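Peer 1: Structure incoming, see below.
The values are calculated or read from the model by the stated rules, or taken from the named source; none is laboratory data. Computed from a predicted model, the values in this text were never measured in an experiment. For neighbour counting, all protein chains shown are included, and Cβ atoms are generated from backbone atoms with ideal geometry for every residue, glycine included. These area figures cover heavy atoms from the full protein model, side chains too; ligands, DNA and RNA do not enter into them. Shrake-Rupley method; radii C 1.70, N 1.55, O 1.52, S 1.80 Å.
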Amino acid sequence: MAGKKFICGNWKMYRTAAEAGALAREVRAAAEPYADKVEVAIVPPFTALWAAGVELKGSRIGLGAQDVFWETQGAFTGEVSAPMLVDAGCRYVLAGHSERRQFFGDTDEAVRKKTRAALAAGLHPIVCVGETLPERESGRTLEVVGRQVRAALAGLDAGEIARLTVAYEPVWAIGTGKTATSEQAQEVHAALRAILRELAPAAADAIRILYGGSVKPDNAAELLSQPDVDGALVGGASLKALDFTGIIQGATR
Ligand code: PGA
């Protein structure tokens, strides 16, 4: 099992630059005392990265972005490249969040290219996978997440795989208040770990596999107590410094 747990807050399309600066400052003050034990990052919208980054400067709280395009520059209106994210102070980037897959057409192939581009720029990608409710109900969960993770990591060498994080986020649990049980999460995390062992045997045990989907202060410790749950990707609850800190505390138990 991986060492330090990793708690990452995905702010989605919330917070202006000024609001993000204020929230980053609060998170810094609240989370810094746990930084020896838990790795913490926040992932604001693009327009707020700079403002949040200013507040995090010199701290051990990391900054990440929610998406990235795979070309480094060019005529790609509306897109942001991995080197630009590095320039904005990012250490992490999400790839293949289910909302990107669902609403913006991100395919497995797009997620693979984004993951590769992020690694090439020195970022740590957080590769998101997860099944929909119909997929779970038809018994296809492990097949779906297996396909997604294999596609995202295709062509990467073991050294590259060692630099990424995987996030298991059942689509039916995101923003719905429904959380996977810790047994359901552990089952999928163990299956993902087995695939990582196949692809990068030496690194697999140290790669963090995060759970995401309605993580809250009151369910975090139980989920994080599972042997293959190495952290959490937190949406809604990451927008309140107090709740986010409660989840970080859950990771220290
Ligand atoms: P949620 O979102 O915590 O609001 O369910 C999780 C995510 O989408 O990363």
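Peer 1: Any chance you could run the full-extension gain for residue 87 through residue 109? It's 0.36 nm times the residue separation minus the Cα-Cα distance, nm to one decimal.
Peer 2: Gain on stretching residue 87 to residue 109: 5.4 nm.
Peer 1: Right, here's the next one. Using the crude model of +1 on Lys and Arg Cβ and -1 on Asp and Glu Cβ, and no other charge, please compute the dipole size for the chain relative to its Cα centre, in debye to 20.
Peer 2: About 360 debye.
Peer 1: Within the chain, how many Lys pairs that are eight or more residues apart, or on different chains, come under 25 Å at the alpha-carbon?
Peer 2: Taking the Cα cut-off of 25 Å, the pair count is 24.
Peer 1: Whole number in Å², please: accessible area per residue of the chain, 1.4 Å probe, ligands, DNA and RNA not counted.
Peer 2: In whole numbers, the chain has 42 Å² accessible per residue.
Peer 1: Right, here's the next one. Do any trypsin sites (Lys or Arg not before Pro) in the range 49-157 lie in a DSSP loop with no more than 12 other beta carbon atoms within 10 Å, and if so, which?
Peer 2: Answer in residue order: 57.
Peer 1: Quick query: amide H of residue 231 versus all other amide H atoms, modeled in the peptide plane; which residues come in under 5 Å with a sequence gap of 5 or more or a different chain?
Peer 2: 6, 211
Peer 1: Also, quick follow-up: Within 10 Å, at most 16 other Cβ atoms, and a DSSP state outside H, G, I, E, B define an exposed site. Report the longest part of the chain free of exposed chymotrypsin sites (Phe, Trp or Tyr not before Pro).
Peer 2: Here the longest run is 77-253.
Peer 1: Binning every alpha carbon pair distance of the range 61-172 at 10 Å from zero, what are the percents per bin?
Peer 2: 15, 47, 29, 8, 0
Peer 1: With both partners inside the chain, how many of the DSSP beta bridges are antiparallel, as a percent to the nearest 5?
Peer 2: Taking every DSSP beta bridge within the chain, about 0 percent pair in antiparallel fashion.
Peer 1: Got a sec? Which residues in the range 33-70 would a label at residue 22 touch, if it sits 7 Å along Cα→Cβ and we count backbone N under 20 Å?
Peer 2: Backbone N within reach: 42-57.
Peer 1: Also: Let a ≥ b ≥ c be the square roots of the eigenvalues of the Cα gyration tensor of the chain; is it rounded (a/c under 1.5), or, if not, prolate (a/b larger than b/c) or oblate?
Peer 2: Rounded shape, in that the Cα axes give a/c under 1.5.
Peer 1: Using helices alone, I'd like the mean residue ellipticity at 222 nm for the chain: each DSSP H run of four-plus residues gives -39500 (n - 2.57), total over residue count, nearest 500.
Peer 2: -12500 deg cm²/dmol, from helical runs alone.
Peer 1: Given a 1.4 Å probe and every protein chain left where it sits, what share in percent of the accessible area of the chain is carbon and sulfur?
Peer 2: Result for the chain: 55 percent of the exposed heavy-atom area is carbon or sulfur.
Peer 1: Among residues other than residue 22 whose Cβ falls under 14 Å from its Cβ, what is the net charge (Lys/Arg +1, Asp/Glu -1)?
Peer 2: Once positives and negatives cancel, what remains is +1.
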